[in-house]
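Visitor: Structure in structure tokens, see below.
Since every read-out is calculated from the coordinates, none of them should be taken as a lab result. Model, not experiment: these values are computed from the prediction. Positions of Cβ are backbone-derived with ideal geometry, glycine not excepted, and every protein chain shown enters the neighbour counts.
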Amino acid sequence: MSRQQNIDLVNRYFQAMHDNDWATVEAMYHDDIVNHMAGTTPASGRIEGKAAMTDELVAAQVHAAMVPEEMQFARRWKVMCADDERVVAIMEGGGPTRAGDRYDQTYCEIFRFEDGKIIEMHAFFDTALAERALFDNPLRQPRGPVAKPLTY
């Protein structure tokens, strides 16, 4: 695919997340997708295959902890760089959790494509936030909001 086709695919991906259109998101994954999640959270590591990505990661770990009707991933995003093989983008999204916390996360994601679909992803995110909000593993000394939030 061309650089512009890759950018367009990532923008459609984030727009589908923004719209909570998870069927479209899933359709964008190659059957053999591999997702590399940063950190040491229960969601971290190498996730292989579309079923593992959609059922075991997204549905069973992230969405299961969230309030689905109030969740909004991809509130905003920006493609940072792209070529004929990869796109790097930043995305913010989240919402309230069933436990009464907030999971408002920022992701840096690197996408690779094959056959017009996403075949590989690398996701970098605030793992301390994921531990606390999604996996009920709080920090010993909780911190407040960042004084100077990330801009892009």
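Visitor: Along the charge dipole of the chain, which of Val146, Met80, Phe124 sits closest to the positive end, that is, farthest toward it, with unit charges on the beta carbon of Lys, Arg, Asp and Glu (+1, +1, -1, -1)?
Guide: Checked the options; the winner is Val146.
Visitor: What does the helix-only formula give at 222 nm for the chain: each DSSP H stretch with n ≥ 4 adding -39500 (n - 2.57), the total divided by the residues, and the result rounded to the nearest 500 deg cm²/dmol?
Guide: Calculated at 222 nm, the ellipticity per residue is -6000 deg cm²/dmol.
Visitor: In debye to the nearest 20, how big a dipole does region 3-135 give about its Cα centre with +1 on each Lys and Arg Cβ and -1 on each Asp and Glu Cβ?
Guide: Once rounded to the nearest 20, the dipole reads 360 debye.
Visitor: May I ask you to list the residues of region 1-41 whose amide nitrogen lies under 20 Å from a point 7 Å from Cα along the Cα→beta-carbon direction of Arg76?
Guide: Inside the label zone: 10-20.
Visitor: Considering only the other residues whose Cβ falls under 13 Å of the Cβ of Gln5, what net charge follows from Lys and Arg at +1 and Asp and Glu at -1?
Guide: Local charge sum for Gln5: -2.
Visitor: A follow-up question, please. Find how much the distance from Ala60 to Asn11 grows on full extension, using 0.36 nm per residue of separation minus their present alpha carbon separation; answer in nm with one decimal.
Guide: 15.1 nm
Visitor: On to the next question. For a quick check of your reading of the filter: which GluC sites (Glu not before Pro) in region 56-102 sit in a DSSP loop and have no more than 15 other Cβ atoms within 10 Å?
Guide: For GluC sites (Glu not before Pro) across region 56-102 that sit outside H, G, I, E and B with at most 15 neighbouring Cβ atoms in 10 Å, the list reads Glu85.
Visitor: Moving to a separate point now. Treating the angle as unsigned and between 0 and 90°, give the value, to the nearest 10°, between the Cα long axis of helix 3-18 and the longest Cα principal axis of the chain.
Guide: 40
Visitor: Once both labels are modelled 7 Å past Cα along the beta-carbon direction, what's the Glu48-Thr151 spacing in nm?
Guide: It works out to 4.4 nm between the two label points.
Visitor: Here is a follow-up. Taking trypsin sites (Lys or Arg not before Pro) that fall in a DSSP loop and have at most 15 other Cβ atoms within 10 Å as cut points, what is the longest piece of the chain between them?
Guide: 1-97
Visitor: What does the charge count around Glu48 come to, taking other residues whose C-beta lies under 11 Å from its C-beta (Lys +1, Arg +1, Asp -1, Glu -1)?
Guide: Combined, the nearby Lys, Arg, Asp and Glu give -2.
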